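**Q** Here it is: the structure, laid out below.
The values are calculated or read from the model by the stated rules, or taken from the named source; none is laboratory data. Every value quoted in this text rests on a predicted model; they were computed, and no experiment measured them. Cβ atoms come from the backbone with ideal geometry, glycine included; neighbour counts cover every protein chain shown.
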Amino acid sequence: MKKRTKGIIAGSCAVVLLAGALVALKLTEPQTEEEDNLASTSDTSSKTSTLLYDKNPSDISSVEVTNENGGYTVERYADDFWTIPEISGLPLNYTSVNSAVEALATVTAQQVVSEAPEDLSVYGLDKPQLKAKVVFDSGSVFEKTILIGDETPKGGEYYFKLEDSDTVYTIKSSDISVLFSKEYDFINHVLYDNVTDDNAEDDYNPRKINSMTISRPELEYDIVVEYDVRQDYEELITGNSSSYVMTAPVSLDLNPDKSDAMMELIFGLTASDVAAVDPDEAALEEYGLTEPACTVNYDINAGAATLFIGNKYYNDSGVPTGYYVMREGLDVVYVLDTANVPWVSIQPLDITMTMVTSTYIYSVESIDITYDGKTETFEPNGDKDNFAVKHNGEDADADLFKSLYQYILRAPAEEIYLGAYDDKEPDVSITIKNEYGEDKLDFYSDADRKSIIVLNGKANFKCRTAYVDRLIDNLGHYAAGEDIVTSW
């Protein structure tokens, strides 16, 4: 072995021996009082709780809290009713307000850490992160102020002390968590909560949505959804399984799987945060609310609600997670998660069925189909157990008619079209009548092998002309007793 290698090994051994000696000295060195106390708070085997004071929450006249978020004041307004002056006039979450009051009515320490600490900074109590003063007024005034320091090493508890006492204790985090709130946290985050009327008639439904209107600057039209009044006719059977129907920019039944959740979202709509209270013009512009990206108006039996949706909200990582939103009548800027703001991007065909008409076959009185200068008339009658049909006045194949009618119902709203059209004779015209009215569909050829669909005199949609061509073919198949072709 070379001398240099031997020297390195010997030096390493010396370092190890020296480190071992230092460890031994450290292990035998007595701990300071603060180190002892910090260690003891991690040991739950000998913990005993101590009730420091116990008062009736109803006797609290005021609470003053200072924390890293600024703080807030709670004042008794009436018996068992408190308010926060800083945000007076705004809807409060009284459950949270009461929790703040109750948190200071009774204070229980989990463990005595030190009765005479030498250094409060060990516990974060030289500069407390929270200070709460509570004043009781029941015959005589009783005041207490608690100071909250650091969280204990094991978590779930904080170091704290009473301002007029030297003793340091621990307290459960859950007992005081509400005290870390900022004043905005006590604002009711629910934007719309329908009210009930005990004196209303039995058939009154406060949650009935009469209409919803979505307006966005980039759209040339409003999206309007209304309650489907056909739901009120017990004997009328339609193909619409939703309670709502789109009436603008086009008339179309809704797809309940894609629309009902959006319609009902207004009830209990809850913000994740509050960005501002009583915002000035500069703040409104900052949040994109001087010219909202979207306005949503609900007409509801229990009361109207209008929402203004502004700019996107970005979290601390720079990721867009929501939008700034205001409700008309409330000077509060809320933050709503993106999932709770579907109106900013929804398109009409995102929430509708693709069928232009949905009259149920057993409620049809007659169908007239005009093409190539001639008209085919169908007169169905009966129900599923005794269904029959006449074609041009003659008895015809009822089952084959069902297949033809299914094809007619599949007239597809493949894109919205609200422009002009040449109102010459349509390529095909279909009139479907029932006892409540009729739907008239006219198909006009357009460019790019597409056809304009005019519903009840108004251009609404476009579809591929292949659908119209196949419809004419199927009329020939029906006359010949041949199977209906369902693809195009």
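**Q** Taking strands (runs of 3 or more DSSP E) that do not extend beyond the range 365-473, which have at least 2 residues that are among the β-branched types (Val, Ile, Thr), surrounded by 18 or more Cβ atoms within 10 Å (Cβ to Cβ) and outside the structural domain of Ser251 (by TED's automatic domain parsing)? Working first, answer last.
**A** On the way: elements: 366-371, 374-381, 388-391, 428-434, 437-446, 450-455, 458-464.
Correct list: 366-371, 428-434, 450-455.
**Q** Something else about it: Got a sec? Which of Val113, Val107, Val101 is surrounded by 15 or more Cβ atoms within 10 Å (Cβ to Cβ) and farther than 16 Å from Ser177 by Cβ?
**A** Answer to the selection: Val113.
**Q** Within the range 239-276, take every residue that is within 29 Å of Val335 (Cα to Cα) and charged (D, E, K, R) and give me the one that is surrounded by the fewest Cβ atoms within 10 Å (Cβ to Cβ).
**A** Per the criteria, the residue is Asp257.
**Q** Same structure again: Can we say Thr486 is outside any strand (DSSP E or B), among the polar types (S, T, N, Q) and either more than 21 Å from Glu220 (Cβ to Cβ) or in the same structural domain as Thr370 (by TED's automatic domain parsing) (or both)? Steps first, please.
**A** Values: outside any strand (DSSP E or B): yes; among the polar types (S, T, N, Q): yes; either more than 21 Å from Glu220 (Cβ to Cβ) or in the same structural domain as Thr370 (by TED's automatic domain parsing) (or both): yes.
In short, yes.
**Q** Then there is this: Quick check on Val333: is it over 16 Å from Arg216 (Cβ atoms), in the same structural domain as Gly268 (by TED's automatic domain parsing), in contact with a Pro (Cβ under 6 Å, 6 or more places away or on another chain) and of a type in the set (Val, Ile, Thr)? Spell out the reasoning first.
**A** Values: over 16 Å from Arg216 (Cβ atoms): yes; in the same structural domain as Gly268 (by TED's automatic domain parsing): yes; in contact with a Pro (Cβ under 6 Å, 6 or more places away or on another chain): yes; of a type in the set (Val, Ile, Thr): yes.
Yes: the conditions hold for Val333.
**Q** Something else: For Val229, only one of the following conditions fails: (1) in contact with a strand residue (DSSP E or B) (Cβ under 8 Å, 6 or more places away or on another chain); (2) modelled with pLDDT of 70 or more; (3) within 27 Å of Asp350 (Cα to Cα). What is its number?
**A** (1)
**Q** Show the residue pairs meeting these rules: Cβ distance below 7 Å; 6+ apart or different chains; first residue within the range 159-176 and touching a residue at least 12 places away in the same chain (Cβ under 8 Å) and under 16 Å from Asp126 (Cβ atoms); second residue part of a loop (DSSP other than H, G, I, E, B) and hydrophobic (A, V, I, L, M, F, W, C).
**A** These pairs meet every condition: Tyr159/Leu125; Lys161/Leu125; Asp166/Ala116; Val168/Leu125.
**Q** Condition check: under 15 Å from the mean Cα position of the chain (by Cα), at negative phi and part of a loop (DSSP other than H, G, I, E, B). Does Ile309 satisfy that? Talk me through it step by step, then tell me what you get.
**A** Details: under 15 Å from the mean Cα position of the chain (by Cα): yes; at negative phi: yes; part of a loop (DSSP other than H, G, I, E, B): no.
When the stated conditions are applied, Ile309 does not pass them.
**Q** Restricting attention to the range 319-351, which residues are surrounded by 15 or more Cβ atoms within 10 Å (Cβ to Cβ) and part of a strand (DSSP E or B)?
**A** Of everything in the range 319-351, those that are surrounded by 15 or more Cβ atoms within 10 Å (Cβ to Cβ) and part of a strand (DSSP E or B) turn out to be Thr321, Gly322, Tyr323, Tyr324, Val325, Met326, Arg327, Val332, Val333, Tyr334, Val335, Leu336.
**Q** Continuing with this model, one more query. Within the range 151-167, is there a residue that is modelled with pLDDT under 85 and not acidic (Asp, Glu)?
**A** Taking the range 151-167 as the starting set, the residues that turn out to be modelled with pLDDT under 85 are none.
No.
**Q** Looking at (1) out of contact with any strand residue (DSSP E or B) (no Cβ under 6 Å at 6 or more places or on another chain); (2) at positive phi, find the lone condition where Glu118 falls short.
**A** Every condition holds for Glu118 apart from (2).
**Q** Hey, another quick one. For the range 125-161, enumerate the residues that are buried (at least 22 other Cβ atoms within 10 Å of the Cβ) and either over 19 Å from Val112 (Cβ atoms) or out of contact with any strand residue (DSSP E or B) (no Cβ under 6 Å at 6 or more places or on another chain) (or both).
**A** Answer for the range 125-161, where residues must be buried (at least 22 other Cβ atoms within 10 Å of the Cβ) and either over 19 Å from Val112 (Cβ atoms) or out of contact with any strand residue (DSSP E or B) (no Cβ under 6 Å at 6 or more places or on another chain) (or both): Ala132, Val134.
**Q** Related question: Among the residues of the range 404-422, is there at least one that is farther than 21 Å from Val485 by Cβ and at pLDDT 95 or above?
**A** No; the residues of the range 404-422 include none that is farther than 21 Å from Val485 by Cβ and at pLDDT 95 or above.
**Q** Exactly one condition in (1) touching a Ser or Thr at 6+ places or on another chain (Cβ under 6 Å); (2) loosely packed, with under 13 Cβ neighbours inside 10 Å; (3) charged (D, E, K, R) is not met by Asp316; state its number.
**A** (1)
**Q** In this structure, is Thr357 modelled with pLDDT of 95 or more and either β-branched (Val, Ile, Thr) or under 15 Å from the mean Cα position of the chain (by Cα) (or both)? Spell out the reasoning first.
**A** Details: modelled with pLDDT of 95 or more: no; either β-branched (Val, Ile, Thr) or under 15 Å from the mean Cα position of the chain (by Cα) (or both): yes.
No: the conditions fail for Thr357.
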